[in-house]
């Protein structure tokens with residue numbers, strides 16, 4: 001495709017898209033209430049899929065070889081305004097960042113301003129990949145659902161094809177043609193940098209105003225190679241329209257307000273229902289925990305596990321909430337006579353004296369101190385565990401009683417120790433009540 005055909009194609013595309021933009025803007029104007037209703041519908045954040053991120057833009061404007069930041073080409077020192085046009089395809093990655101492919105073309109002119117001026121005109125076409133950064137907005141995000149004005153910076157790199165033509169001050173003409181007399185386009189690297197502002201006209205159309213400075217990696221853009229080592233450049237100021245592609249039910253990511261989205265989530269019906277359901281589940285758990293902790297009769301066993309409700313206050317109960325009945329009489333041994341004192345009781349797998357045994361031990365201590373008798377402390381255990389373990393446990397229990405009596409004034413020489421382990425049970429070891437009774441120490445004379 002030669003330059004003339006390409007220029008016609010781009011120009012036709014620009015006209016077509018301008019017409020589409022005007023029609024879209026008119027539709028948006030007549031349907032403002034519908035659009036506002038759609039945009040006010042609350043949504044829970046769902047990622048990039050809920051936004052429109054692709055757009056296409058067109059623009060047209062003026063070119064010149066002088067830059068606003070200073071500097072001009074050395075071949076022809078007087079700037080002459082000419083024309084430029086472009087089209088681009090953009091992908092928005094975040095509210096502030098996007099990349100776009102720019103296709104631009106046009107003509108740059110200049111002359112040397114002398115009495116018999118020379119001049120140049122260069123037709124060009126270039127393709128660039130640019131990054132765009134929205135660095136500011138005059139809208140405060142806390143006060144507007146959508147941003148309406150964005151300021152941006154732009155920069156990128158690409159290729160430029162150009163064909164310089166003109167005449168020097170001495171009347172010598174130049175024209176880049178090949179041997180067949182056709183225009184010859186030179187290709188070189190080009191870098192650009194610019195800035196601009198966009199105005200959101202509707203949910204699908206934005207007005208795009210911008211300015212770029214283009215730096216060419218060559219010195220012959222104006223047909224001359226003067227001013228070494230300075231390279232040639234040109235400027236492009238433009239106005240255009242950008243059209244966001246995709247379903248109109250989705251907002252454009254470039255104009256979205258993340259703060260407004262956070263507030264929308266608080267009013268989303270589905271989310272609020274889920275929160276209420278969660279509150280209900282928490283309440284049910286709290287009720288269940290309260291039921292588990294409820295103990296109506298105060299015996300230390302919750303109602304859910306209490307098999308004997310309404311036990312009298314102060315009763316000693318087992319794990320099922322039932323009162324433990326202790327044997328009242330000491331069973332006589334086959335070869336020894338038991339003392340007339342109650343059995344001394346212990347907890348399961350323990351040699352620590354129960355406080356309920358202290359009155360009997362104190363009475364036994366007084367009797368032994370008065371009589372000077374020598375007795376045997378016989379230790380026993382229930383049938384849980386091995387026989388060897390129960391033998392050691394019964395000995396430890398007898399030692400605990402001896403220690404108590406000695407501390408209360410009984411001479412140690414009047415106290416003997418005998419361990420019987422799990423032998424000689426006084427109750428049935430197959431029941432909890434029987435096992436409690438068998439965990440004991442007896443006094444034998």
**Asked** Label points 7 Å out from Cα along the Cβ direction at residue 239 and residue 218: separation in nm?
**Response** 3.3 nm
**Item:** Cα-projected label distance for residue 445 with residue 175, points at 7 Å along beta-carbon direction, nm
**Value:** 14.8 nm
**Asked** Using a Förster distance of 60 Å, how high is the FRET efficiency between residue 146 and residue 290, based on the Cβ-Cβ distance and rounded to 0.05?
**Response** 0.75
**Message:** Using only alpha-carbon positions, what ratio does the radius of gyration of the range 344-444 give when scaled by 2.2 N^0.38 Å?
**Reply:** 1.04
**Request:** Kindly state, to the nearest 0.05, the FRET efficiency for residue 187 paired with residue 320, given R0 = 60 Å and r defined as their beta-carbon distance.
**Result:** 0.05
**Request:** On a C-alpha basis, how far is the centre of the range 362-404 from the centre of the range 88-108 in Å? Whole number, if you could?
**Result:** 96 Å
**Prompt:** How many nm is it between the label spots at residue 358 and residue 133, if each spot is 7 Å from the Cα in line with the beta carbon?
**Reply:** 8.0 nm
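How much length is gained if the chain between residue 68 and residue 281 is pulled fully straight, taking 0.36 nm per residue apart and subtracting their Cα-Cα distance, in nm to one decimal? Could you put the intermediate results ahead of the total?
On the way: separation 213, 0.36 × 213 = 76.68 nm, distance 6.63 nm.
In short, 70.0 nm is gained.
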**Prompt:** Length gain on complete extension for the stretch residue 406 to residue 430, per 0.36 nm per residue less the alpha carbon to alpha carbon distance?
**Reply:** 5.1 nm
**Prompt:** Residue separation times 0.36 nm, minus the C-alpha to C-alpha distance between residue 209 and residue 387: what's the value?
**Reply:** 54.3 nm
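Bear in mind these aren't lab numbers, they're just calculated from the coordinates by the rules spelled out. Quick caveat, the model's predicted, so the values are computed rather than measured. Virtual Cβ from ideal backbone geometry, glycine too; neighbours counted across all protein chains shown.
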